[in-house]
Structure formats: structure tokens, C-alpha cells
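One structure is given below, encoded as C-alpha cells.
The values are calculated or read from the model by the stated rules, or taken from the named source; none is laboratory data. Just so it is clear, the structure is predicted and the values come from calculations on it, not from any experiment. Cβ placement follows ideal geometry from the backbone for every residue including glycine, while neighbour counts extend to all protein chains displayed. Heads up: the accessible areas ignore ligands, DNA and RNA and are worked out on the full protein's heavy atoms, side chains in. Shrake-Rupley method; radii C 1.70, N 1.55, O 1.52, S 1.80 Å.
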Amino acid sequence: MKPQDAARAWAPAVVTVAAVGALLLAAGAPPAALAAYAAYGLLAVLLPGTLVFRALRRRPHTLVEDLTYGAIVGLALELPAWALFSLAGAQRWLWLWPVLVIAPFLAAPRLRRHWRPTYPTAAPRGWSWSVSAVIVGFAWYLSESFLFRNPVLPGDDSQQQYIDLAFQLSLAGEATHSFPLDVPQAAGEPLRYHWFGFAHMAAASLISGVDLPTVFFRLAVPALCALAALAAAVTGWRISARPYAGALAAALMFAIGEFGFENGVRQLFGTQATFIVWGSPSMTYSWVLLLPLIATAAGLLRGPTDGDAPPPFGRGGWALLALLLLASTGAKASSAPVVAGAAAFAVLVCLWRRRPARPAWALFGAAVAAQAFATVVLFNFESHGVVVDPFSGLRPYVEPGAALGWVAVTVAFALNMQLRLAGIAPLLWSRRGRLDPDQAFLAGGALAGPAVYLALGHPGSSNQYFLRAAFAFGVMLSAWGYVELWERSALTRAARWRWAVGAAAVGFALVAAQFLAGPAGSVAPPAHRPLLPLLLWAALLTVVAAVAFLGWRLACGPGPLLRRRLGLAALTLALVAGAPGLPMDAAANRASPNGGAYVNVPMPRTLVDAARHVHRHSRPDDIVATNAHCREIVEGHCDARSFWLSAYAERTVLIEGWAFAPRAVSLGTSPYGPFWDQALFGANEAAFTAPTAQGLTALRDRHGVRWLVVDRQAGRESAALAALADLSYQNGRAAVYRLRE
């Protein structure tokens with residue numbers, strides 16, 4: 001390749017890295033930390049993962065596919081490596097794990113060829129620039145919504161933070177020194193939760209040497225989002241054999257928001273996907289693993305290919321599938337059930353069409369086995385508050401006895417949450433509903449998520465994560481359908497450019513129109529009122545589009561080609577209708593103290609400073625006790641969602657805020673119920689209010705407590721404590737005592 005051709009080929013990657021890096025630096029990421037994290041990603045994730053992926057797949061396709069899926073395989077391999085080093089108590093040596101992979105690829109002659117493969121296909125330049133635009137655009141959104149709004153450490157005592165972030169940071173902190181993991185806020189209580197994404201953050205901190213809060217608040221989420229967008233683009237290309245279907249899938253997943261997003265109620269039908277990527281980084285981590293899993297499963301169902309289609313993975317695809325399935329089980333509890341539903345639908349389609357169903361049955365069995373592993377081993381049959389409660393996500397928007405209200409809420413749900421999947425319709429129409437097994441798998445996943453969401457209920461709307469998992473399936477099929485319709489429309493090269501510019505112009509016009517209209521709606525009764533702005537906006541767009549299409553038809557006359565182009569125009573409008581979502585969310589977040597999250601909690605600098613003091617001066621296995629348990633007191637009851645100490649100390653706390661502990665959730669006491677062991681709770685409180693030498697010795701010898709952290713706003717410590725323990729740190733609000741040996 002000539003130097004100028006190589007420069008053009010690599011320009012999108014260079015621009016993407018430079019733009020995202022500039023945003024991270026603008027958000028306060030230390031340059032040294034950014035460089036160390038990049039080195040970790042290249043040497044401890046990308047390199048070993050790419051070598052293993054090349055050994056598993058049969059033939060190469062493109063360099064970008066090898067690197068994208070290789071990085072994801074590296075993340076999956078990182079989990080068992082972290083677990084083994086943690087079991088051995090050798091976390092500080094975790095940086096050596098890539099050597100276990102790299103050494104065989106250097107020593108074995110049959111493996112050395114994977115260092116420098118040749119690729120038959122190059123990524124089209126337009127595809128590369130399109131994916132680059134998606135990644136950079138989403139990084140801008142993420143900066144405005146999350147990075148610029150949430151400092152790594154609070155600057156003062158007025159800082160607000162989304163309530164889940166400290167809990168999630170505490171899980172990553174627990175993973176830096178424990179395996180199996182305990183609930184960080186209740187020492188000795190097993191953690192039955194999907195924690196793999198936080199183990200990844202812990203491993204990133206341990207290997208790179210970057211402070212964990214910097215990894216959590218600055219580096220991990222943008223990196224995972226960029227990798228997920230790349231994975232969507234590569235997966236869409238591989239599944240459809242059309243590069244631009246992949247680019248469009250990435251755009252639908254990471255550039256288009258929910259339709260009617262800004263309507264005065266920003267969390268219709270559950271939290272929005274745009275918020276999920278940073279409010280629940282485990283969801284983003286699960287997407288990273290789920291997307292190549294979808295590609296692998298679809299390839300195994302399709303079988304041999306010909307023409308310009310990407311080569312199949314071959315027998316190694318089953319090993320890749322098993323690795324990604326196991327990693328997905330603990331990444332997010334919503335992944336494996338949706339995969340199982342997708343595989344079950346593929347089985348049904350194969351049986352109906354009298355096609356070989358053995359691969360679909362094998363895939364279904366693997367998904368069920370993975371779910372059984374998660375249910376028994378990871379979650380210990382904990383449901384985490386999820387119950388069978390049909391239509392619980394829709395019921396709040398329907399007044400009792402209003403039959404018409406159910407029609408309206410169903411339409412609103414489909415528009416708000418599923419409009420990005422409109423491209424599935426022309427794909428089904430062109431095949432007269434006769435889907436191939438791989439297409440049936442995608443359609444099954446797109447159906448399974450909403451079906452589970454509608455069947456189950458959860459007090460915190462966690463059932464909506466099944467919808468998020470289904471997006472990964474649905475956008476692939478929707479982008480595939482759109483590109484096929486585009487191809488049948490027989491547009492000239494010039495017309496294609498005009499069409500793309502026109503679609504972008506429509507998107508900008510929709511953004512401008514919603515900005516001018518401003519937020520609308522109200523959460524006040526009647527129940528359906530939050531839906532009215534969305535439905536009115538949809539009706540207005542439908543009328544405008546109908547008039548425009550009628551005028552086009554009258555001007556151009558009838559004909560099959562015109563009908564296809566009218567259909568393409570209508571589908572384009574449907575897919576870009578959610579374009580205002582990200583810009584409006586970012587604009588709203590600029591006025592928010594913490595990025596627009598729906599539950600804010602104070603995160604005072606004085607408390608965080610005390611926690612960081614414990615982190616700097618304690619051993620990883622030290623247990624900390626505190627008198628701070630409550631976010632607030634509501635009618636005499638403790639809202640036990642206080643997580644700041646375990647988060648920023650990165651240490652296990654004897655009893656902190658227990659509301660998110662699986663036991664509290666299963667008992668139905670979260671967040672206001674009492675701690676389940678009142679004798680231990682009494683001993684914990686006595687250490688601060690009525691300390692004795694005997695009581696402190698019991699906490700130290702029986703429970704491993706070495707530190708006492710006092711939040712004096714929650715209650716001042718007894719004056720006797722200073723004579724029984726050593727004061728290690730204090731400020732205007734907090735004090736830290738060290739127990740004597």
C-alpha cells in the first residue's frame with residue numbers, strides 16, 4: 001500500500017482517537033492516566049484478545065473486525081485471569097496475565113502466523129468515516145451528560161451525584177481485593193449480582209496503575225461506548241454482508257435517541273438508553289460482549305457463505321460463543337434470557353420452514369445452560385425484586401377503566417422505544433415473512449426483550465434492561481432492512497449523496513424544532529398526560545410527511561421505482577425521528593448538578609476526603625465500620641442508600657447502607673427496612689455512641705474491623721472513643737479512628 005493510501009485508510013482512526021482523547025482531557029482526565037490506560041488497553045486487552053480471536057476464527061475478513069472482536073475477547077479472557085490472580089492473593093501481579101497468552105503465540109510455530117495475517121477485504125472509507133462520526137458524536141454527548149458533570153473527586157460539599165454511581169464504584173473497589181465478592185456495604189454478605197463489568201474496571205486499575213475513581217468516572221465508560229459502537233458496526237456488516245448496514249446499526253444504537261424524548265418526563269417506560277450508558281455502565285459492558293455473540297450465533301445458524309459475504313468463523317465459533325455467553329451471564333442479567341428467546345424463535349422458524357434446526361437447538365441449549373449457570377452460581381436464585389407483573393411498565397400511564405388509554409399507551413410505547421426498529425418491516429415484506437435462521441434469531445431477540453419487559457415488573461424499572469438487550473438484535477435487522485430498500489431504490493451516486501444530506505438536514509430540522517418548542521407535558525394527573533406531547537408530535541410529523549409525500553407523488557407520477565423511493569423516504573424519516581434525543585438530553589444536563597440523573601444524592605468533599613484517607617493508609621483486606629447508613633430519614637425510617645465510604649475507600653464496610661444488598665431486596669425491606677442482623681448492628685453503633693475496650697476488641701478480632709469512620713452529621717462520636725482508638729484524620733465533618741492492635 002502506498003504511503004498516501006495508508007494515510008487515507010488510517011485517517012478516520014487517527015481522527016477518532018484524537019477527538020475522543022481531546023474530550024477526555026477537556027473533562028479533566030490526567031494525561032499520564034490517559035496514556036497508562038491506553039497502554040493497558042493495547043497490551044493487556046487488545047493484544048492477547050486479538051491473538052486468541054485469530055486462532056478461533058477460520059479465515060480473516062478485515063483488520064477492523066479482528067481488532068474489534070479481539071479487544072472484546074480480551075475483555076472476556078480478563079475475567080478468569082482476574083479471578084485466578086485474586087484467588088491467589090496476587091492482584092498486584094495481574095499485569096502478567098497477557099504473558100500467559102502471548103508466550104504460546106511466540107513459541108508455537110502453528111500460532112506464529114496469527115501475528116501477521118493478510119486481509120482480503122478493506123473497510124470502505126465511507127464506512128470508516130461514518131463509524132468515526134458516530135463514536136465522536138457519542139463521546140461529545142457523553143462528555144456533556146456525564147464527564148463534565150461528575151468530577152472524579154467532589155470539589156466541595158455541594159456536589160450532587162446520581163445515587164447508583166457510588167454503589168457501582170464500591171463494587172469495582174471490592175473487586176480490587178476480593179474474590180468471591182462480598183456486598184461492599186455488608187462485610188461477609190455474598191454478592192449475588194451481575195458484577196463482571198466492575199471486575200473489568202478493577203482489573204484496569206490494577207494493571208494500569210490508574211486510580212480507580214479516574215478509571216470509573218473518566219476512562220472506562222467512554223472506552224466501552226466506543227468499543228460497543230465499533231462492535232455494532234462490525235456485527236451489522238458481518239451479519240448482512242453489507243458494510244453500510246453495520247454503520248447504520250451503530251448510528252441507530254449510539255446516535256439516535258428515543259422518539260419524543262424531551263416531553264417533560266424524561267424516563268417514559270423506564271430509563272432512557274442515552275442515560276443508561278453511564279448511569280448503568282454494566283449495561284454498556286454487556287452490549288460489548290453481546291454484539292459479537294450475536295454475530296457468532298448468526299454465523300453458526302447461517303452456515304457456509306459464498307460471494308462477498310464475510311467468511312464463517314468455523315468450528316472455533318462454538319468456542320467463541322461459549323466464552324462470550326459465559327462472560328455475558330455476569331455482565332448483565334438481561335443478556336442470556338434474551339439470547340435464549342432469540343434462539344427459541346429461530347428453532348420455531350426452522351421447524352415451521354422445515355429447515356435443519358440442529359444449530360438452532362444447540363444455540364438454545366447453550367443459552368439455557370448459561371442462564372442456569374448464572375441463576376445457580378452467580379445469583380443463587382435471587383430475583384432482585386423482579387416479579388411476574390404483566391404490563392407494569394405501561395400501567396402508570398393508563399387511568400383505571402380507560403380502554404382507549406391502553407391503545408394510546410401501546411402506540412406511545414411502540415413509538416418511544418421501538419421506532420428505531422422500523423427497518424425490520426421492509427425486510428419482512430421483501431421476504432414475505434420467510435426468514436432465514438440467522439434473521440429469525442435477530443427477530444427473536446428483538447421480540448424477546450419487549451415481551452419480557454411487558455411480562456415482568458420491578459419497583460426500580462429494572463425490567464427495562466431486557467429492552468436494552470433487545471436493541472442490540474433489533475438495530476441489526478432494522479439497518480439490514482433499510483440498506484436493502486436503499487439498494488432496491490436504484491439511486492444514482494449523486495442521488496445517494498443528496499439523499500444522505502437530506503436525511504441529515506431532516507434530523508437537524510427535528511432537533512431545531514424540538515429545541516424551539518421546548519419541554520412539554522406534565523407529570524400531573526391524569527395519568528396519560530405525559531404521553532400527549534409524544535403522541536401530538538408523532539401526529540404532526542405524520543401529517544407533514546403525508547402532505548410532502550403526496551406532493552412528491554403528484555409531481556413525479558406513479559411507478560414502482562417511485563413507490564420504493566417513497567417507502568425509503570418514509571423509513572428514513574422514521575429512523576431519524578429520534579435524532580433530537582441526544583442533543584436535547586445534553587442540553588438539559590448542562591443545567592443539572594450531576595448529569596440529569598433522576599435521583600440525586602449529596603457527595604460532600606469532606607466525607608470523600610475521609611474515605612480516601614482510609615484508602616491510602618489501610619490494607620486491602622481491612623474492614624471499616626461507620627455510623628453513616630442513611631441517605632435520609634423518612635418518617636422515622638432510614639433510607640439505607642449511603643455508599644460513599646465503601647466507594648471511595650475501596651474497602652469493605654462492616655455495615656454501611658444495606659438497601660441494595662440482595663438479602664434486603666429479597667426480604668422486601670429495601671430501602672427503608674432495618675438491617676437483618678440487629679445484634680451486629682447494635683455492636684456497630686455502640687462502637688461510636690458507647691465504646692468499650694471489650695466491644696472494640698470484639699469488632700476487631702471477630703469481624704476484622706481496623707478503622708472507624710464517623711460522619712458527625714449523622715451523629716457525633718463519644719468522647720471516650722479518643723481514649724480507646726487512635727485519631728488518624730478529621731475535618732469539619734468527618735473523623736477517622738484506627739483501632740489499636
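Tyr193 contributes about 50 Å² of solvent-accessible surface, heavy atoms of the protein only, 1.4 Å probe.
Report the charge-dipole magnitude of the stretch 55-120 in Debye, nearest 20, computed about the Cα centre from +1 at each Lys and Arg Cβ and -1 at each Asp and Glu Cβ.
340
Quick one: plug the Kirkwood hydrodynamic radius of the stretch 70-213 (C-alpha pairs) into Stokes-Einstein at 37 °C, 0.692 mPa s, and report D in µm²/s. Stokes-Einstein gives a translational diffusion coefficient of 177 µm²/s. With every protein chain in place and a 1.4 angstrom probe, the accessible-area ranking of Ile102, Ile239, largest first, reads Ile102, Ile239.
When only alpha carbons of the stretch 107-178 are considered, Rg and Dmax amount to 21.4, 61 Å. If you line up the long axis of helix 316-329 against the longest principal axis of the chain, both from Cα atoms, how many degrees apart are they, to the nearest 10? Compared with the principal axis, the helix lies near 50 degrees. Under Stokes-Einstein, with the Kirkwood radius over Cα pairs as Rh, the value for the stretch 154-304 at 4 °C and 1.567 mPa s is 74 µm²/s. With all protein chains in place and ligands, DNA and RNA left out, the 1.4 Å accessible area ranks Trp361, Trp480 as Trp361, Trp480, largest first.
Which one, Pro243, Phe259, Pro154, is farthest towards the positive end of the dipole of the stretch 138-287 when Lys and Arg carry +1 and Asp and Glu -1 on their Cβ? Most positive-ward Cα: Pro243.
Of the residues Thr606, Thr50, ranked by 1.4 Å probe accessible area with the largest first, the sequence reads Thr606, Thr50. Look at the dipole of the chain built from charges on Cβ: of Leu227, Phe85, Pro190, the Cα furthest out on the positive end belongs to Leu227. Kirkwood's formula applied to the C-alpha pairs of the stretch 412-535 gives a hydrodynamic radius of 17.2 angstrom. Rolling a 1.4 Å probe across all protein chains gives Thr689 an accessible area of roughly 100 Å².
Dipole size of the stretch 348-478 about its Cα centre, with +1 on Lys/Arg Cβ and -1 on Asp/Glu Cβ: approximately 680 debye, rounded to the nearest 20. The HN-Hα couplings worked out from phi for the stretch 354-364 by the Karplus form 6.51 cos²θ - 1.76 cosθ + 1.60 (θ = phi - 60°) are 6, 10, x, 10, 4, x, 5, 4, 4, 5, 4 Hz, whole numbers, x standing for Gly and Pro. Using Cβ point charges alone (K and R +1, D and E -1), the dipole size of the chain about the Cα centre works out to roughly 3020 debye.
For the stretch 1-112, the extents of the C-alpha atoms along the principal axes are 46, 41, 19 Å, listed from largest to smallest. Summing charges over neighbours of Asp622, with a neighbour being any other residue whose Cβ is under 11 Å away from its Cβ, gives +3 when K and R count +1 and D and E count -1. Of the residues Val99, Leu34, Thr121, the one whose Cα sits farthest towards the positive end of the charge dipole of the stretch 14-132 is Thr121 (charges of +1 on Lys and Arg Cβ, -1 on Asp and Glu Cβ, taken about the Cα centre). The Cα atoms of the stretch 1-65 cover 43, 31, 15 Å along the three principal axes, with the biggest extent listed first. The alpha carbons of the stretch 418-491 give a radius of gyration and a Dmax of 14.0, 50 Å, in that order.
Would you mind giving the three semi-axes, in whole Å and largest first, of the ellipsoid equivalent to the stretch 637-741 according to its Cα gyration tensor? Write down the numbers at each step before the final one.
Numbers: eigenvalues 115, 48, 33 Å².
Those come to 24, 16, 13 Å.
For the stretch 602-619, backbone phi angles converted through the Karplus equation (6.51, -1.76, 1.60; θ = phi - 60°) give residue-by-residue couplings of x, 10, x, 5, 5, 5, 5, 4, 5, 5, 5, 4, 4, 4, 6, 10, 9, 7 Hz, Gly and Pro being listed as x.
Ratio of alpha-carbon Rg to the 2.2 N^0.38 Å globular estimate for the chain, to two decimals, please. Don't jump to the answer; show the numbers that get you there.
Details: Rg = 26.6 Å, N = 741, 2.2 N^0.38 = 27.1 Å.
That works out to 0.98 for the chain.
Rounded to the nearest 10 degrees, the angle from helix 243-254 to the longest Cα principal axis of the chain is 40 degrees. Computed with a 1.4 Å probe on the full set of protein chains, the accessible area for Tyr465 sits at about 40 Å². If you bin all the Cα-Cα distances of the stretch 328-414 at 5 Å, starting from zero, the percentages per bin are 3, 13, 15, 13, 12, 13, 15, 11, 4, 1.
Which percentage, to the nearest 5, of the DSSP beta bridges contained in the chain is antiparallel? Please list the in-between numbers first.
Working: 19 of 25 bridges.
Counting DSSP beta bridges with both partners in the chain, the antiparallel share is about 75 percent.
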